[in-house]
1. Across region 243-260, which residue is most open to solvent (accessible area, probe 1.4 Å) among those that are farther than 18 Å from Ala76 by Cα and in contact with a helix residue (DSSP H, G or I) (Cβ under 8 Å, 6 or more places away or on another chain)?
2. Within region 123-149, how many residues turn out to be more than 17 Å from Lys199 (Cβ to Cβ) and assigned to a loop (DSSP other than H, G, I, E, B)?
3. Somewhere in region 293-304, is a residue more than 16 Å from the ligand (Cβ to nearest atom) and open to solvent by less than 10 Å² (accessible area, probe 1.4 Å)?
4. State the number of residues belonging to region 321-346 that are open to solvent by 80 Å² or more (accessible area, probe 1.4 Å) and either free of Cβ contacts under 8 Å to residues at least 24 places away in the same chain or in a strand (DSSP E or B) (or both).
5. Exactly one condition in (1) away from the ligand (no atom under 15 Å from the Cβ); (2) in a helix (DSSP H, G or I); (3) surrounded by fewer than 20 Cβ atoms within 10 Å (Cβ to Cβ) is not met by Glu120; state its number.
6. Out of (1) crowded, with 21+ Cβ neighbours inside 10 Å; (2) on the phi < 0 side of the Ramachandran plot; (3) within 16 Å of the ligand (Cβ to nearest atom), the odd one out for Val114 is which?
7. For region 150-194, give me each residue that is under 10 Å from the mean Cα position of the chain (by Cα) and assigned to a loop (DSSP other than H, G, I, E, B).
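The values are calculated or read from the model by the stated rules, or taken from the named source; none is laboratory data. No experiment lies behind these values; they were computed from the predicted model shown. Note that each Cβ is placed from the backbone with ideal geometry, even for glycine, and that neighbours are counted across all protein chains shown. Side chains included, ligands, DNA and RNA excluded: accessible areas come from the protein's heavy atoms. Shrake-Rupley method; radii C 1.70, N 1.55, O 1.52, S 1.80 Å.
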Amino acid sequence: MSKDDTKLALNGGAPVREATLPYGRQTIDESDVKAVLDVLQSDWLTTGPAVPKFESAFADFLGCKEAVALNSGTAALHAMLAAQGIGPGDEVIVPAITFAATANAALYLGATPVFADIDENTMLVDPSSVAQAVTNKTRAIIAVDYAGQPAEYRSLRTIASDHDLLLMADACHALGGSDGGKPVGTLADASTFSFHPVKHMTTAEGGMVTTDDPDLAQKIRWFRNHGITSDHGQRAKKGTWSYDMVSLGYNYRLSDLQCALGEAQLPRLRNWVERRQEIAAQYDAAFAKIDAVLPLANRENVANAYHLYVVKLELNRLSADRNVIFDALRAEGIGVNVHYKPVYQHSYYRELSYKDGICPVAERVFEGILSLPVFPTMSDQDVEDVVEALQKVTKAYEK
Ligand SMILES: *Cc1c(COP(=O)(O)O)cnc(C)c1O
């Protein structure tokens with residue numbers, strides 16, 4: 001693009017990029033392909049040896065006692081709450097700004113999600129709002145490490161201890177992050193991860209619960225297998241047909257094909273997270289010079305794993321709203337996104353009679369947020385394209 005070519009692609013100008021840069025993308029190499037093919041040609045496509053191998057590699061990576069693989073991050077949330085005995089009549093506190101699955105997991109069990117507001121600088125759940133949301137029905141808090149930054153676990157733990165609540169983590173954004181040197185996944189009583197392709201590592205679909213509590217891990221293993229206490233692989237080994245179903249569970253198993261893919265990805269995860277952090281640092285430096293674009297604040301002593309790189313638009317400096325800026329950036333070839341609308345503003349939750357105004361900060365901040373592309377194989381040129389497009393678009397709509 002020549003320097004004077006300021007006409008927006010939205011208005012027929014030349015776009016910054018011809019091919020759209022996605023906001024996230026998986027990384028797959030030959031070692032991944034080989035790992036999956038090896039399993040495909042083996043005796044066990046599911047409930048075989050690749051499952052515990054992946055689980056123990058994942059637990060070793062985080063330094064926790066137990067990791068239980070499930071077939072999605074959502075299944076992991078459901079299983080984590082079910083295994084803690086969450087049910088009808090219970091309230092579970094969740095942040096207003098998260099993927100709907102965090103709150104849905106409570107609904108699956110007949111429990112009630114109660115939404116807590118966020119801190120406007122970090123967009124992490126605000127501990128004071130959590131404390132205000134506690135009632136005599138509250139059983140658990142689910143913290144969300146929004147965008148990849150660990151939530152304020154120390155404050156949340158104090159609230160949980162004061163009221164005898166479980167503290168759980170939806171850590172789906174933050175694999176590879178840490179707080180005071182302690183890895184995400186070890187900061188709560190139990191934590192969940194997702195291996196959807198847009199996350200830090202992938203098994204196509206998949207998830208994990210991590211915990212130091214072996215009884216809880218056991219219950220989750222039953223829950224993912226219909227509430228039956230042994231799986232097909234274990235019975236084959238023992239030469240028995242007999243099994244017992246001790247509770248009501250689901251088929252939430254992750255296949256051996258997927259576990260092999262996960263185990264093959266794991267050794268590269270550290271580097272991938274570092275590349276995400278590098279890209280975030282480049283964005284931070286560039287946006288320090290663009291008045292209308294404000295990156296999220298980082299807390300002290302945390303390592304942000306940057307599943308997302310979220311900026312807040314300073315809407316009072318712009319003559320367009322977020323949705324126009326979004327369209328303009330998409331037209332420039334930048335695959336921006338929005339994470340997330342406050343969960344209770346979705347139609348389904350409105351029908352459950354959640355009303356606007358529950359979390360005013362979340363509602364206001366939501367109006368101005370954009371997620372920019374960040375994934376490990378992005379080049380420095382890709383990063384420059386994103387910055388250039390933001391410069392171009394915010395300049396065009398400068399007040
Ligand atoms: C991705 C994600 C989930 C759900 O994970 P799936 O594997 O897609 O089911 C849950 N919570 C958050 C915060 C997520 O980002």
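1. Step one: filter region 243-260 for residues farther than 18 Å from Ala76 by Cα, giving 243-246, 257, 260.
Checking which are in contact with a helix residue (DSSP H, G or I) (Cβ under 8 Å, 6 or more places away or on another chain) leaves us with 243, 246, 257, 260.
Numbers: Tyr243: 127, Val246: 77, Leu257: 48, Ala260: 11 Å².
The residue in question is Tyr243.
2. Here is the first cut: in region 123-149, the residues more than 17 Å from Lys199 (Cβ to Cβ) are 123-143.
Filter once more, keeping what is assigned to a loop (DSSP other than H, G, I, E, B): 123-124, 126, 134-137.
Going through region 123-149 one residue at a time, the tally reaches 7.
3. Taking region 293-304 first, the residues more than 16 Å from the ligand (Cβ to nearest atom) are 293-295, 297-303.
Cutting the leftovers down to open to solvent by less than 10 Å² (accessible area, probe 1.4 Å) gives us 293.
Taking every residue of region 293-304 in turn, at least one turns out to be more than 16 Å from the ligand (Cβ to nearest atom) and open to solvent by less than 10 Å² (accessible area, probe 1.4 Å).
4. So the count comes out to 1.
5. Status for Glu120: all satisfied but (2).
6. (3)
7. Residues satisfying the conditions are Ala171, Cys172, His173, Ala174, Leu175.
So that you can scan it fast, the table gives a plain yes or no per residue for (1) surrounded by 13 or more Cβ atoms within 10 Å (Cβ to Cβ); (2) outside any loop (DSSP other than H, G, I, E, B); (3) without any contact (Cβ under 8 Å) to a residue 40 or more places away in the chain; (4) among the aromatic types (Phe, Trp, Tyr):
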residue	(1), (2), (3), (4)
Gly24	yes, no, no, no
Thr27	yes, no, no, no
Trp44	yes, no, no, yes
Ala57	yes, yes, no, no
